[in-house]
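The next block holds one structure in the form of structure tokens; read it before the comments.
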Amino acid sequence: MASPALPPFLPRFGVAAAILGLLSLGGCQMGGYHDSVPPTTGVQPLKGLAQNVSVRRNAMGMPLIESSTFHDALFALGYVQAGDRIGQMVDMRLLAQGRLAEMAGPDALEVDRLMRAVNLKKSANQLYADASPRLKRFFEVYARGVNAYLFRYRDKLPAPLAQSGYRPEYWKPEDSALIFCLYNFSQSVNLQEELAALVLAQKVGNDKLAWLLPNYPDEPLPHAEADKLSGLNLSTQLPNLPALNALSQQLAAFNLLGAPGSSNWAIAAPHSRSGKSLLASDSQGAWAMSPVQIRAPKYQAAGFTLAGLPLVLSGFNGKLAWSTSAVMGDNQDLFLEKIRREGGRLLYQADGKWQPAMARNETFFIKGQRPVRETLYDTRHGGLLSPAQNAGLALALQMPELKGDKSLDAFFDLSRKANVEGAFEASREMGAPALNLVFADANNIGWQVTGHFPNRRDGQGLLPSPGWESRYDWDGYADPMLHPYDQDPPQGWLGNANQRSVPRGYGMQLSNTWYYPERAERLAQMAANGKHDSRSLITMQNDQTTLFAAKLKSMFQAPGMAQPLKQAIDALPQDQRAKAREAYDRLMAFDGRLSATSADAALYQLFLQESARLTFLDELGPETGAAWQAFVSNARLSYSAQADHLLGRDDSPFWDDHNTAQKEDKPTILARSLVAAINLGERQMGGDHRTWQWGTLHQYRWPVASFHGLGDTLNRSSQAVGGDHTTLNSSAYAWGQDFNARLMPSMRMVVDFGLPEPLQGISSSGQSGNPVSSHFADGLDAWFKGRYVSFPMQTQNFERAYGSKRLTLVPGR
């Protein structure tokens, strides 16, 4: 089997070789590893259990854990999740600790350096130390369950883990807090955005930079943010930027530094067909979310967890449903630090004075090599992300401190609440991660933003700030009472799709970068259309209609554009004029439905792609260069200059093509883009424009490049897909590069309180990460066909969903 190839834009950075070499283990040389799959029937004695525990599995391998005590249920959860996804658990732990080189070798050392600088271990230790004694006991019991698996299967580990030669350490309770901190870290995209902005600043200068970093359609361009870089020569003063940005781009390509595309919403009881509330959730991330159901005398819940973290992040307990989506919060800031060496110390400047950076010695153990000992440094803002030079600039990353944080307890408490009022009570204690939390009981719905959001003395945090000036420092965090929330709104629904969820000028700074607003606008359009049930919510989750197309047509017909665009088309050479008119007429007739079989959808997307290239590539190119890749990457993360320029910015300096002698304007570039769209379509799909299909261009392809252990590597035929980054059913592509779609590990759930069994769910990942398991990556077919699975809460329905066969875990001696 060939190793999966990285996306072509990624630099040839060492970690790629390590990733691909390790990934090749995922589908090869599986012979002899079938005994690494734990049985699903029979009896297994385990030391640490107090009483018997029953584990049944449904057709997709999802476990139902039934026990007489909650502690035994947690023990069994640890044992079962390790049996399903020990590789993912181990690799997430190594990534968070900055220890991947112990498994992957020297090519992963740069990843480890970055993660050691971020220092999630420090945050996790603080978070765990401040957790309640009750929560600590829960994590301890869960860890004992994981370790029972590691002991029993120490010589029968899944092939990717066994063939790596790495012997996983036993699980500690603090490791679950570490997984939570990695999850928290992944909910923000600011690190990669700010690094990309510095790369763009190097390319175009501060004067033009703001045009490439729009906040939102109705927001002014952030010229003041770009001015923070005035007087700096990033090329000479920050020589490590290219390597650091390349590493960030690689991690971002695997969605390890944040990924938008999630959504969640709730419909109020009066607006449902049954007269009872509804809730829907659709989330994407870097890691498989594992479905699970637990039933104990004082606890029951069903939903989705992250292996290694014994908390139901989205789920239902029979009375309350809750779900999460990314709020796109800006709670990570990069600070440029002036540094110099003095003797054996590293100094950094703060308000005109030189202060010693805090040094910490780190040892990197590397597979196949001797250990490497290095000194890392922290300033008042956080860890320095790049090796400290003798003089010049360095970058420090500041993130919210978690001292005194009760998020772990709050998530557990949420899963036991019986109504929306209780959910509000629990969610207001969540200082991490930054999420849109939507919940519902049978009669009420609610929304609460969670997280810590810094109060910046000056600046927006969109670009790195001068660390030597304290006027840009954080001044504590926004009062949680200012965090946006809503309950039972008059409109009859509430929801989120990574859009700006607060009015412009809101009393606290939640973020400066949001995802494309059309997804949320379509959600609002559909939610307000009649009464709903579970079927209509599933239809919404699969919707592939974009409202951006209507906005594009409005721009074409705007008073200041309609006539100039017509003139620009008429001025084209004769052989191009007919193509431009055909493209224009078809775009004006396009209804916005991005079906995989639509010819007009294909032409529409070809126009979007070519307009981006003709507008920006002359100044940001070449396509293989760091600036263009940073530009393309930012469009995947948030509302982009590509979209912003199409709908407005008629006075932008980027409309002029620097490759020609004359000065172009927006109508001229749009006319050329119409022609280019037809030409590109003919090259890729042939001369019969009526036979074009969006799904011919836009496909999921396998194997998918993924970071070691954090994705299931499989071979599968390509799959045509509709939608794009602006549709509620998100399937983004690299705007400015190609049309390839990437299916991240995803889960969907719907709760209809009007049904006898309200909860239905579906996961794109298989239950198991073990390549020889029958449930390895078997969720895709169900995902594409929309086959949701019922999670019954009534015991009389368990056998219908889970059958009667079971694995019985009994106390061992």
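The values are calculated or read from the model by the stated rules, or taken from the named source; none is laboratory data. Not measured: the values here are computed from a predicted model. So basically every Cβ, Gly included, is an ideal-geometry build from the backbone, and we count neighbours across all protein chains shown. These accessible areas exclude ligands, DNA and RNA; they are computed on the full protein's heavy atoms, side chains included. Shrake-Rupley method; radii C 1.70, N 1.55, O 1.52, S 1.80 Å.
Couple of notes before you dig in:
- Cα centroid of the stretch 453-510 to Cα centroid of the stretch 388-407, whole Å: 20
- Estimated inter-spin distance, residue 227 and residue 796, nm [label 7 Å along Cα→Cβ]: 7.1
- Spin-label model distance (nm) - residue 35 vs residue 562, 7 Å beyond Cα toward Cβ: 7.8
- Paramagnetic reach from residue 805 in the stretch 749-785 [backbone N under 16 Å; point 7 Å along Cα→Cβ]: 773-776
- When the chain is described by a simple charge dipole with +1 on each Lys and Arg Cβ and -1 on each Asp and Glu Cβ, the residue from 177, 309, 34 located farthest towards its positive end is 34.
- Per residue value of the accessible surface for the stretch 547-716 (all protein chains in place, 1.4 Å probe), Å²: 39
- For the stretch 136-147, Karplus couplings with θ = phi - 60° (6.51, -1.76, 1.60), whole Hz, Gly/Pro x: 4, 4, 4, 5, 5, 5, 4, 4, 5, x, 4, 5
- Percent of Cα pairs in the stretch 465-607 per distance bin of 5 Å, from zero to the largest separation: 2, 7, 11, 13, 13, 12, 11, 9, 9, 7, 4, 1, 0.
- Label point distance in nm, residue 59-residue 455, each placed 7 Å from Cα along Cα→Cβ: 5.6
- Rg over Rh, two decimals, the stretch 443-523 (C-alpha only, Kirkwood Rh): 1.04
- Computed over the stretch 42-129, Cα set: Rg, Dmax in Å: 17.5, 48
- Kirkwood Rh, angstrom, the stretch 333-398 [1 / mean 1/r, Cα pairs]: 12.5
- Convex hull of the stretch 618-774 built on C-alpha atoms - directionally averaged projected area, nm²: 14.5
- Of all lysines in the structure, those lying under 17 Å Cα to Cα from residue 553, and not within fewer than 8 positions of it along the same chain, are 566, 666.
- The convex hull built on the alpha-carbon positions of the stretch 547-716 has an orientation-averaged projected area of 11.7 nm².
- A helix-only calculation puts the chain at -10500 deg cm²/dmol for mean residue ellipticity at 222 nm, using -39500 (n - 2.57) for each DSSP H run of at least four residues, averaged over all residues.
- Rotationally averaged projected area of the stretch 205-340 (alpha carbon convex hull; nm²): 14.1
- Protein heavy-atom surface of the chain, 1.4 angstrom probe: 48% of the accessible area is carbon and sulfur, with nucleic acids and ligands not counted.
- Volume per residue for the chain equals 157 cubic angstrom (convex hull of Cα atoms).
- Qualifying trypsin sites (Lys or Arg not before Pro) in the stretch 68-163, where qualification requires a DSSP coil assignment and no more than 15 other C-beta atoms within 10 Å, comprise 154, 156.
- Assigned charges on the beta-carbon of Lys, Arg, Asp, Glu; the stretch 333-398 dipole about Cα centre (debye): 260
- Whole-Hz Karplus values for the stretch 533-543 come out as 9, 4, 5, 6, 5, 5, 4, 5, 4, 9, 5 Hz, taken residue by residue from phi with 6.51 cos²θ - 1.76 cosθ + 1.60 and θ = phi - 60°; glycine and proline positions read x.
- Candidate lysines for bridging to residue 122, where Cα separation is under 30 Å - those fewer than 8 sequence places away on the same chain excluded: 136, 172, 338, 353, 367, 403, 406
- Taken one residue at a time, the phi angles of the stretch 156-163 give Karplus couplings (6.51, -1.76, 1.60, θ = phi - 60°) of 9, 6, x, 3, x, 6, 5, 6 Hz. Gly and Pro are set to x.
- Residues 271, 645, ordered by accessible area of protein heavy atoms at a 1.4 angstrom probe radius and largest first, appear as 271, 645.
- For the stretch 535-621, the pair-distance distribution built from all alpha carbon pairs, in bins 5 Å wide starting at 0, is 3, 12, 18, 21, 19, 13, 7, 3, 3, 1, 0 percent.
- Anchor residue 228: aspartates and glutamates whose Cα lies under 20 Å away (excluding residues fewer than 8 positions away in-chain): 193, 194, 207, 219, 330, 333, 337, 351, 458, 469, 473, 475
- Dipole check for the chain: with +1 at the C-beta of Lys and Arg, -1 at the C-beta of Asp and Glu, and the Cα centre as origin, the magnitude is about 2300 Debye.
- Residue-normalised accessible area of the stretch 333-398, given per residue in Å² at a 1.4 Å probe: 50
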